[in-house]
1. Rounded to the nearest whole Å², what accessible area per residue is found for the stretch 4-46 with the 1.4 Å probe?
2. Please identify, among 103, 67, 75, the residue showing maximal mean-square fluctuation in a Gaussian network model of the chain using a 10 angstrom Cα cutoff.
3. Of 7/163; 15/202; 7/177; 177/202; 15/191; 15/207, which sit over 27 Å apart, Cα to Cα?
4. Carbon and sulfur atoms: what percent of the 1.4 Å accessible area of the stretch 1-133 do they account for?
5. Normalised by the number of residues in the chain, what is the relative contact order in percent for Cα pairs under 8 Å and 6+ residues apart?
6. Given a 1.4 Å probe and heavy atoms of the protein chains only, how would you sort 45, 76, 226, largest accessible area at the top?
7. Quick check: net charge around residue 71, other residues with Cβ under 12 Å of its Cβ, Lys/Arg +1 and Asp/Glu -1?
8. What number in nm² do you get for the stretch 97-209 if you take the convex hull of its Cα atoms and divide its surface by four?
Amino acid sequence: MRIIKTKDYDEMSRKAANLIAAQILLKNNSVLGLATGSTMTGLYHELIRWYERGDLDFSAVSSVNLDEYVGLPGDHHQSYRYYMNENLFHHINIRQDCAYLPDGMATDAEQECAAYEAQIEALGGTDLQLLGLGHNGHIGFNEPADIFPKVTHEVALEESTIKANARFFTTEDEVPKTAITMGIGSIMRSKQILLCVSGESKADTLKQVLTGPITPQCPGSIVQLHPNLVVVADEGALSLY
Ligand code: F6R
């Protein structure tokens, strides 16, 4: 495991974006595993700057996102498809038909999960999987549980996750109660994992993830077993490490 400690969120965003840029420069048809959330907006902004300078070409890149809410169409302002369009896809030259997210409106969620997992396989797996970290240790929407789920599946969101996400909706009732997420197996099969964490409020969780027991009660702890893990985190997030 390599840990890159940064002064603050902005430096974390720049350094993480540089690592993703390096991946694409070295392999123009990289398959990126992407994430949403507030941790990622800064680094996506930096990637857009790379593109606008003419230093990065996404035309051969494919991407698969970790997760999507069930019941939100792609044009809903809280869907992860919408987030990705606004924060990255619409500002770079990635082919829209090569930028995959689970379909939250699929009538048969189980079938959609199987199709999504097959799509990842068909792409040859991800070269680099970007991960953020939930306060409860979740990665993707893999919430604390008794087992590590292997493949893409539908999951009931934890009360704490619903509450954390309620800030983006008018009322808590509007927050979807289930989501489709890549499994821990889908994530761990990536050739490289890039975990980005910012802020003191996640310091305890990050310490558990990096040094605690590897347990599905703290899903992120599984990354300790990945042979090619890079953590980019700021001083606040690493303050207890
Ligand atoms: C979202 C995702 C989540 C987030 C996590 C942290 O696609 O995979 O696991 O990375 O909830 O969210 P933020 O960055 O908003 O604190």
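The values are calculated or read from the model by the stated rules, or taken from the named source; none is laboratory data. These numbers were taken from a predicted model, which means no experiment stands behind them. So basically every Cβ, Gly included, is an ideal-geometry build from the backbone, and we count neighbours across all protein chains shown. Keep in mind that these areas ignore ligands, DNA and RNA; they rest on the heavy atoms of the full protein, side chains included. Shrake-Rupley method; radii C 1.70, N 1.55, O 1.52, S 1.80 Å.
1. Values: 1840 Å² over 43 residues.
On a per-residue basis, 43 Å².
2. Among 103, 67, 75, the largest GNM mean-square fluctuation belongs to 75.
3. 7/163; 7/177
4. 48
5. 25
6. Details: 45 105, 76 50, 226 15 Å².
Accessible-area ranking of 45, 76, 226, largest first: 45, 76, 226.
7. It works out to a net charge of -3.
8. 8.2
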